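The values are calculated or read from the model by the stated rules, or taken from the named source; none is laboratory data. Please read all numbers here as calculations on a predicted model, not as lab measurements. Because the Cβ atoms are built from the backbone with ideal geometry, glycine has one as well, and the counts that use them run over all protein chains shown.
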Amino acid sequence: MPPPYHPVQRHRPQQSTPLESVLRRSADLDASTAAAWIIAVWAGLMILDGMTGPHFSLNSLYLLPLCLATWCFGRLAGLTGGVITVVLTLHLNGFGDGLSAQASSIPTTTAVWNAGMKTFSVIFIILLVGAFRRAFDRERANAQIDPLTGLGNRRSFQRECKRLELSALRDNRLLLCGIIDLDDFKEVNDRHGHAAGD
(Lines give C-alpha, C1' and ligand atoms only; values in the text may rest on other atoms or scores of the structure.)
Protein backbone atom coordinates (compact mmCIF):
# COMPACT_ATOMS: atom_id res chain seq x y z
CA MET A 1 0.00 0.00 0.00
CA PRO A 2 1.52 3.40 -0.97
CA PRO A 3 2.19 5.93 1.76
CA PRO A 4 -0.46 8.62 2.19
CA TYR A 5 -0.12 11.71 0.03
CA HIS A 6 1.14 14.80 1.83
CA PRO A 7 1.27 17.95 -0.28
CA VAL A 8 4.52 19.86 -0.14
CA GLN A 9 4.10 22.91 2.00
CA ARG A 10 5.84 25.99 0.78
CA HIS A 11 7.89 28.02 3.20
CA ARG A 12 5.89 31.04 4.27
CA PRO A 13 7.95 34.13 4.96
CA GLN A 14 7.84 35.24 8.57
CA GLN A 15 5.95 38.38 9.38
CA SER A 16 8.36 41.21 9.97
CA THR A 17 8.24 43.37 13.05
CA PRO A 18 7.45 47.09 12.74
CA LEU A 19 11.12 47.89 13.37
CA GLU A 20 12.21 45.54 10.55
CA SER A 21 9.72 47.19 8.20
CA VAL A 22 11.02 50.65 9.10
CA LEU A 23 14.64 49.53 8.60
CA ARG A 24 13.83 48.00 5.20
CA ARG A 25 11.94 51.10 4.03
CA SER A 26 14.56 53.53 5.32
CA ALA A 27 17.31 51.56 3.56
CA ASP A 28 15.60 52.40 0.26
CA LEU A 29 15.08 56.12 0.96
CA ASP A 30 16.64 58.49 -1.52
CA ALA A 31 19.09 61.00 -0.06
CA SER A 32 16.82 64.06 -0.27
CA THR A 33 13.91 62.32 1.49
CA ALA A 34 16.20 60.97 4.21
CA ALA A 35 17.78 64.40 4.71
CA ALA A 36 14.34 66.03 4.95
CA TRP A 37 13.25 63.56 7.64
CA ILE A 38 16.48 64.00 9.59
CA ILE A 39 16.29 67.81 9.45
CA ALA A 40 12.62 67.77 10.50
CA VAL A 41 13.31 65.53 13.50
CA TRP A 42 16.38 67.60 14.46
CA ALA A 43 14.42 70.85 14.27
CA GLY A 44 11.57 69.45 16.34
CA LEU A 45 13.94 68.15 19.00
CA MET A 46 15.88 71.40 19.20
CA ILE A 47 12.68 73.41 19.61
CA LEU A 48 11.36 71.01 22.23
CA ASP A 49 14.69 70.95 24.07
CA GLY A 50 14.84 74.75 24.07
CA MET A 51 11.26 74.98 25.37
CA THR A 52 11.72 72.44 28.18
CA GLY A 53 14.99 73.90 29.39
CA PRO A 54 17.83 72.18 31.22
CA HIS A 55 15.62 70.47 33.81
CA PHE A 56 14.18 67.94 31.32
CA SER A 57 16.64 65.69 29.53
CA LEU A 58 15.85 64.78 25.93
CA ASN A 59 19.26 63.21 25.31
CA SER A 60 17.84 59.79 24.37
CA LEU A 61 15.54 61.33 21.76
CA TYR A 62 18.54 62.80 19.93
CA LEU A 63 19.57 59.22 19.13
CA LEU A 64 16.69 58.92 16.63
CA PRO A 65 18.04 61.42 14.04
CA LEU A 66 21.60 60.25 14.74
CA CYS A 67 20.72 56.63 14.03
CA LEU A 68 18.75 57.63 10.93
CA ALA A 69 21.67 59.74 9.66
CA THR A 70 24.07 56.85 10.25
CA TRP A 71 21.69 54.34 8.63
CA CYS A 72 21.04 56.47 5.53
CA PHE A 73 24.33 58.33 5.05
CA GLY A 74 26.98 56.26 6.80
CA ARG A 75 29.22 56.31 9.83
CA LEU A 76 30.92 59.64 9.06
CA ALA A 77 27.59 61.48 8.84
CA GLY A 78 26.50 59.85 12.09
CA LEU A 79 29.72 60.76 13.90
CA THR A 80 29.52 64.36 12.65
CA GLY A 81 25.92 64.58 13.80
CA GLY A 82 26.90 62.98 17.09
CA VAL A 83 29.52 65.63 17.84
CA ILE A 84 27.01 68.36 16.98
CA THR A 85 24.41 66.71 19.23
CA VAL A 86 26.74 66.42 22.21
CA VAL A 87 27.88 70.04 21.87
CA LEU A 88 24.29 71.23 21.40
CA THR A 89 22.86 69.35 24.37
CA LEU A 90 25.76 70.41 26.60
CA HIS A 91 25.17 74.01 25.54
CA LEU A 92 21.40 73.82 26.12
CA ASN A 93 21.45 71.81 29.34
CA GLY A 94 24.81 72.51 30.93
CA PHE A 95 27.42 69.93 31.80
CA GLY A 96 25.41 68.40 34.60
CA ASP A 97 23.73 65.07 34.90
CA GLY A 98 20.39 66.28 33.57
CA LEU A 99 19.22 67.24 37.05
CA SER A 100 21.61 70.16 37.44
CA ALA A 101 20.55 73.38 35.80
CA GLN A 102 23.92 75.06 36.03
CA ALA A 103 27.33 73.68 35.12
CA SER A 104 28.81 75.66 38.01
CA SER A 105 26.72 73.72 40.55
CA ILE A 106 28.80 70.56 40.09
CA PRO A 107 32.57 69.99 40.31
CA THR A 108 34.54 70.38 37.08
CA THR A 109 35.74 66.77 37.16
CA THR A 110 32.14 65.55 37.35
CA ALA A 111 31.13 67.82 34.47
CA VAL A 112 34.02 66.53 32.34
CA TRP A 113 33.15 62.93 33.25
CA ASN A 114 29.47 63.45 32.31
CA ALA A 115 30.39 65.06 28.99
CA GLY A 116 32.86 62.24 28.26
CA MET A 117 30.30 59.53 29.04
CA LYS A 118 27.69 61.23 26.87
CA THR A 119 30.20 61.45 24.01
CA PHE A 120 31.28 57.82 24.44
CA SER A 121 27.65 56.61 24.45
CA VAL A 122 26.79 58.51 21.28
CA ILE A 123 29.91 57.28 19.44
CA PHE A 124 29.28 53.68 20.54
CA ILE A 125 25.67 53.71 19.32
CA ILE A 126 26.65 55.32 16.01
CA LEU A 127 29.37 52.73 15.39
CA LEU A 128 26.93 49.95 16.29
CA VAL A 129 24.27 51.25 13.87
CA GLY A 130 26.92 51.67 11.14
CA ALA A 131 28.13 48.09 11.60
CA PHE A 132 24.56 46.81 11.56
CA ARG A 133 23.84 48.70 8.31
CA ARG A 134 26.90 47.20 6.62
CA ALA A 135 25.83 43.70 7.71
CA PHE A 136 22.26 44.44 6.56
CA ASP A 137 23.48 45.55 3.10
CA ARG A 138 25.78 42.53 2.78
CA GLU A 139 23.00 40.06 3.66
CA ARG A 140 20.53 41.86 1.41
CA ALA A 141 22.95 41.56 -1.51
CA ASN A 142 23.72 37.92 -0.72
CA ALA A 143 20.00 37.12 -0.72
CA GLN A 144 19.88 38.17 -4.41
CA ILE A 145 23.03 36.42 -5.69
CA ASP A 146 23.76 32.79 -6.44
CA PRO A 147 26.97 32.02 -4.50
CA LEU A 148 28.25 29.58 -7.12
CA THR A 149 27.96 31.74 -10.24
CA GLY A 150 27.78 35.22 -8.77
CA LEU A 151 24.73 35.84 -10.95
CA GLY A 152 21.33 36.97 -9.78
CA ASN A 153 19.11 34.25 -8.33
CA ARG A 154 15.35 33.72 -8.74
CA ARG A 155 14.52 36.49 -6.26
CA SER A 156 16.78 38.89 -8.15
CA PHE A 157 15.29 37.77 -11.47
CA GLN A 158 11.73 38.39 -10.25
CA ARG A 159 12.62 41.79 -8.86
CA GLU A 160 14.35 42.85 -12.07
CA CYS A 161 11.48 41.51 -14.22
CA LYS A 162 8.98 43.54 -12.22
CA ARG A 163 11.12 46.66 -12.60
CA LEU A 164 11.50 46.11 -16.35
CA GLU A 165 7.79 45.37 -16.76
CA LEU A 166 6.80 48.59 -15.00
CA SER A 167 9.35 50.53 -17.05
CA ALA A 168 8.02 49.04 -20.31
CA LEU A 169 4.43 49.87 -19.34
CA ARG A 170 5.36 53.41 -18.36
CA ASP A 171 7.31 54.04 -21.60
CA ASN A 172 4.84 52.10 -23.78
CA ARG A 173 7.55 49.72 -25.00
CA LEU A 174 7.59 45.98 -25.67
CA LEU A 175 9.41 43.71 -23.26
CA LEU A 176 10.96 40.47 -24.47
CA CYS A 177 12.18 37.85 -22.02
CA GLY A 178 13.99 34.65 -22.93
CA ILE A 179 14.78 31.65 -20.74
CA ILE A 180 17.31 28.91 -21.43
CA ASP A 181 16.60 25.48 -19.98
CA LEU A 182 19.07 22.61 -20.11
CA ASP A 183 17.22 19.28 -20.41
CA ASP A 184 18.48 16.24 -18.52
CA PHE A 185 21.23 18.20 -16.75
CA LYS A 186 20.76 15.94 -13.75
CA GLU A 187 22.51 13.18 -15.73
CA VAL A 188 25.68 15.29 -15.89
CA ASN A 189 25.66 15.58 -12.10
CA ASP A 190 24.87 11.89 -11.68
CA ARG A 191 27.51 10.68 -14.13
CA HIS A 192 30.38 13.13 -13.48
CA GLY A 193 29.58 14.49 -9.99
CA HIS A 194 28.25 17.80 -8.78
CA ALA A 195 31.63 19.54 -9.04
CA ALA A 196 31.69 18.87 -12.79
CA GLY A 197 28.05 19.93 -13.13
CA ASP A 198 28.74 23.15 -11.28
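Among the residues of region 8-30, those that are within 16 Å of Pro65 (Cα to Cα) and either modelled with pLDDT under 85 or not assigned by TED's automatic domain parsing to the domain that holds Ala69 (or both) comprise Leu19, Val22, Leu23. Taken over region 136-160, the criterion of being assigned to a loop (DSSP other than H, G, I, E, B), free of Cβ contacts under 8 Å to residues at least 40 places away in the same chain and either more than 28 Å from Leu19 (Cβ to Cβ) or of a type outside the set (Gly, Ala, Ser) (or both) is satisfied by Gln144, Asp146, Pro147, Thr149, Gly150, Leu151, Asn153. In region 177-189, is there at least one residue being under 29 Å from Arg24 (Cα atoms), out of contact with any Cys (no Cβ under 9 Å at 6 or more places or on another chain) and part of a helix (DSSP H, G or I)? Checked against the condition, which is being under 29 Å from Arg24 (Cα atoms), out of contact with any Cys (no Cβ under 9 Å at 6 or more places or on another chain) and part of a helix (DSSP H, G or I), region 177-189 yields no hits at all.
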